[in-house]
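Peer 1: First, the structure itself, so that you have it in front of you.
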Amino acid sequence: MKSESLQKNIAEIKGVGPKVKEELNKIGINYIQDALFLLPKKYENRTKLTSIKDLVPGEAFQFEGEILESKTIFPGRRSFMARISDGTGFLQIRLFYFSYAQANAFKVGLHVRGYGVVRSNGSLLQVFHPSYKIFETSKRPILDDTLTPIYSLGSTNLTQFRTRNIIKECLKEIEYLNLNEKEIDSIFRKQKISSLSVKDALLKIHNPSVDDDIIKINNYKHEAQERLIVEELATNLIGVKIASEKINKLRAQEMKASEEELKTFKENFPFNLTNAQSRTIKEISEDIALKKPMRRLVQGDVGSGKTVVAAVSMFIAAKNNTQSVLLCPTEVLAEQHFKNFLEWFKKSNIKIELLTGKLPNAKRKRIYQDLENGDIDILIGTHAVFQDKVVMKNLGLIVVDEQQRFGVKQRFDLVKKSTNRIMPHQLFMTATPIPRTLAMTIFADLETSKIDELPPGRKPVETLVYNEKKKNEIVKRLEAVCKAGNQVFWLCTMIEESENLDVQAADEAKEWIKENTHGLNIGLVHSKLSKDQRDKEIESFRSGKTNVLVCTTVIEVGMDVPNASLMVIENAERLGLSQLHQLRGRVGRKADLEAYCVLIYHGEIGEIAKARLEAMKSTNDGFEISEIDMKLRGSGEILGTKQSGGIELKISDLSRDAHLINKAEKLVKGLDNADQNLSRILLDRWLGDKQNLIIAQ
Ligand code: ADP
Ligand code: MG
């Protein structure tokens, strides 16, 4: 139960009208407390202005200047350019996605203040898609006096500016709010975890002063952040524990298949299973033959063949007249699995369907109905399967692919989909090795299987590191690969965290490759394409019609095109190690095919980024990579921390914050010993309405 003051609706805050409220609700903000716990993903220093002459390419700055020229540029792709000067030099602001009104606002003579990463194009300084404000000299805005928090706003229409103001208003209320903090704060003190109160931590986190070390705070190493991380981790431990206890009391369906049936089914695969795959399947079969609900985590490096393990398990489920779901983090992946499953189950009378967010209504309704009637045996889908309308007659098994992409809460969400009141067995698959410390705590409730062997004939992917200046050499390799009948992924990574820039980079790369090669078919996939366009591009690449697929990180997880043998990653220095490893795993998936991964870096790079690229060169082993990753991340470089753990976590990152687990356990102990049910308060705070899913199981 939320106490009265916590109930205070976000609509009561100044600046929150019905429309804004709706947007806030979309990201789970219903009460003031929820807004306070929308924690910044990073900070920018906008407390000072940098003269244009002092701007350094590759870094982010706040700048200001008078607009000297402004125009929309044709031909080719429409873009916008404004030239500004502050008397010390000139700077170009470039926009590639803009409205007429936006372009029109850049009136010559007005001033603009912006913040963004500076790039150099020859002697020209440019900023792409900065955040900016246009003003008359008489109305010059004051500078921020604290570091500026940047929030994750998902796909809402909220702007950073508005969100900051709303949160500022909420912070004004903090003194009057009952966050039930006294008791919890006192446990933090008693257990010697932190002396900072939750209110002070929140005030700090939303408004860090200029004196706070921006590097430390962007690395989540600030005391206030650690105070909250410990609390969130503890909440997760509690949630997992409660849910496990409940689940273990429930009964699942016993599922068995005969040796003969299994053998016949496996003949549908165009290969023999590896020993590791067979062992894992055996472990799963033994689990699901029992009434005790299975909860098993399958760890296997990229390319180790986890999908067939899922398929065999789901086959057994279907043979026992129960339904099963395969949950995937992206549509691309769900569609790929769907195609494979159709092939593998071709000879059976098992009915398979695909459910993603973009299905036409009629089709979707039919799937809902068939699921409820029990006419669909196997459902493959994305987050769309969480919809309330998805109800299954007899759900017996849940498989979560790339489980690190899903939050702890979601691990428990799906089990509620069945109307038969039987607890489904659960199987989680991941390529991200989980550091031992974490495996022992957060995942304590899961059994694990390891697929520690790659299918035969795989050659390790050879990894090369190039400076961007040598891009021309890479094109020769690319042409050679295509000439030999193989295919190439060319990946453009994010430049700062802007989707627009991502898309822009991909567009440019495609043009560049076109200009520098002959007679190749080049495809392009990015987030701005419609689903149809994207499907077409991906299908064309899969079928071999396209030689080179230029793409953004939409292809990161799971994409399987065995004929691809070269992966080029631009701005590789910006990616974390595990992400690089995932991406590299897209090639080298065919026996006896030499595969390469070319990592391109831009300009001068830091020590840690260098170490990451070196690590990629030195090993292909996911477990080794994750160990190195832990070490490097521990030493904290801003760029390394952009990866996040489960998407449900607000501030913690399971691998970055592993060292705080001990403290989280201490907190749990303290909470257990308290007279009141304080855990409930934490679940309320961190999981909000969603906690019911865990508690009610
Ligand atoms: P991941 O573990 O990364 O999910 P996938 O399941 O996508 O790996 O499998 C990677 C590739 O290896 C696919 O093309 C798959 O068909 C193939 N594969 C899986 N198991 C075997 C096997 N035992 N022998 C040969 N190829 C296999
Ligand atoms: Mg996979």
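The values are calculated or read from the model by the stated rules, or taken from the named source; none is laboratory data. These numbers come from a predicted model, not from an experiment. Reconstructed Cβ throughout: ideal geometry from the backbone, glycine too, with neighbour counts over all protein chains shown. These accessible areas exclude ligands, DNA and RNA; they are computed on the full protein's heavy atoms, side chains included. Shrake-Rupley method; radii C 1.70, N 1.55, O 1.52, S 1.80 Å.
Peer 1: How many Å² of accessible area per residue for the chain, probe 1.4 Å?
Peer 2: The answer is 44 Å² per residue.
Peer 1: Using unit Cβ charges (K, R positive; D, E negative) and no other charged atoms, how large, in debye to the nearest 20, is the dipole of the range 48-143 about its Cα centre?
Peer 2: Dipole size: approximately 260 debye.
Peer 1: To continue, here is another question. Please list GLU335, GLU462 in order of solvent-accessible area, largest first, computed with a 1.4 Å probe with all protein chains present.
Peer 2: Heavy-atom accessible area, descending, gives GLU462, GLU335.
Peer 1: When only Cα pairs under 8 Å and 6 or more residues apart are kept, what is the percent relative contact order across the range 533-615?
Peer 2: This gives 30 percent for the range 533-615.
Peer 1: Work out the length of the dipole vector of the chain about its Cα centre, built from +1 on the beta-carbon of each Lys and Arg and -1 on the beta-carbon of each Asp and Glu, and round it to the nearest 20 debye.
Peer 2: 1080 debye
Peer 1: Okay, next question. Given the chain, what percent of its DSSP beta bridges are antiparallel, to the nearest 5?
Peer 2: Around 40 percent antiparallel, to the nearest 5.
Peer 1: For n ≥ 4 DSSP H runs only, could you compute -39500 (n - 2.57) per run for the chain, divide by its residues and tell me the 222 nm figure to the nearest 500?
Peer 2: So the calculated ellipticity at 222 nm is -11500 deg cm²/dmol.
Peer 1: Ok, one more. To the nearest 20 debye, what charge dipole does the range 247-451 have about its Cα centre, counting +1 at the Cβ of each Lys and Arg and -1 at the Cβ of each Asp and Glu?
Peer 2: Rounded to the nearest 20 debye, it is 460 debye.
Peer 1: Probe radius 1.4 Å, ligands and nucleic acids ignored: give me the carbon and sulfur share of the accessible area of the range 48-143 as a rounded percent.
Peer 2: Answer for the range 48-143 is 54 percent, counting heavy atoms of protein chains only.
Peer 1: Here's another thing I want to ask about it. For labels at ARG140 and GLU259 in the simple 7 Å Cα→Cβ model, what's the distance in nm?
Peer 2: For ARG140 paired with GLU259, the spin-label model returns 8.6 nm.
Peer 1: Right, here's the next one. What list of ³J(HN,Hα) values in whole Hz, one per residue of the range 125-139 in order, does the Karplus curve 6.51 cos²θ - 1.76 cosθ + 1.60 (θ = phi - 60°) give from phi, with Gly and Pro shown as x?
Peer 2: So the Karplus estimates, Gly and Pro as x, are 9, 9, 10, 8, 6, x, 7, 8, 9, 9, 8, 8, 3, 6, 10 Hz.
Peer 1: Quick one: which of LYS319/LYS416; LYS263/LYS339; LYS365/LYS545; LYS346/LYS393; LYS48/LYS216; LYS8/LYS663 span more than 26 angstrom between C-alpha atoms?
Peer 2: In this structure, LYS365/LYS545; LYS8/LYS663 lie more than 26 Å apart at Cα.
Peer 1: A further question follows. Calculate the all-directions average of the projected area of the range 172-302's alpha-carbon convex hull, and give it in nm².
Peer 2: 14.3 nm²
Peer 1: Using a/c under 1.5 as the rounded threshold, could you call the chain rounded, prolate or oblate? The axes a ≥ b ≥ c are square roots of the C-alpha gyration tensor eigenvalues, and prolate needs a/b larger than b/c, oblate otherwise.
Peer 2: Oblate is the answer for the chain, as a/c is 1.5 or above yet b/c matches or exceeds a/b.
Peer 1: Using a Förster distance of 60 angstrom, determine the FRET efficiency expected from the C-beta separation of ASP535 and LYS190, and round it to 0.05.
Peer 2: With a Förster radius of 60 Å, E is 0.60.
Peer 1: On to the next question. What nm distance separates the two modelled labels at ARG162 and GLU22, each placed 7 Å from Cα along Cα→Cβ?
Peer 2: Result for the modelled spin labels: 1.1 nm.
Peer 1: Classify the range 325-402 as rounded, prolate or oblate, taking a ≥ b ≥ c as the square roots of the eigenvalues of its Cα gyration tensor: rounded when a/c is under 1.5, otherwise prolate if a/b is larger than b/c and oblate if not.
Peer 2: Note, shape of the range 325-402 comes out rounded.
Peer 1: Here's something else I'd like to know. Using a/c under 1.5 as the rounded threshold, could you call the range 462-619 rounded, prolate or oblate? The axes a ≥ b ≥ c are square roots of the C-alpha gyration tensor eigenvalues, and prolate needs a/b larger than b/c, oblate otherwise.
Peer 2: It comes out rounded by the Cα gyration axes.
Peer 1: Given the pairs LYS21/LYS182; LYS469/LYS510; LYS417/LYS450; LYS246/LYS363; LYS246/LYS450, which span a C-alpha to C-alpha distance of over 24 angstrom in this model?
Peer 2: Violating the 24 Å limit, Cα to Cα: LYS21/LYS182; LYS417/LYS450; LYS246/LYS363; LYS246/LYS450.
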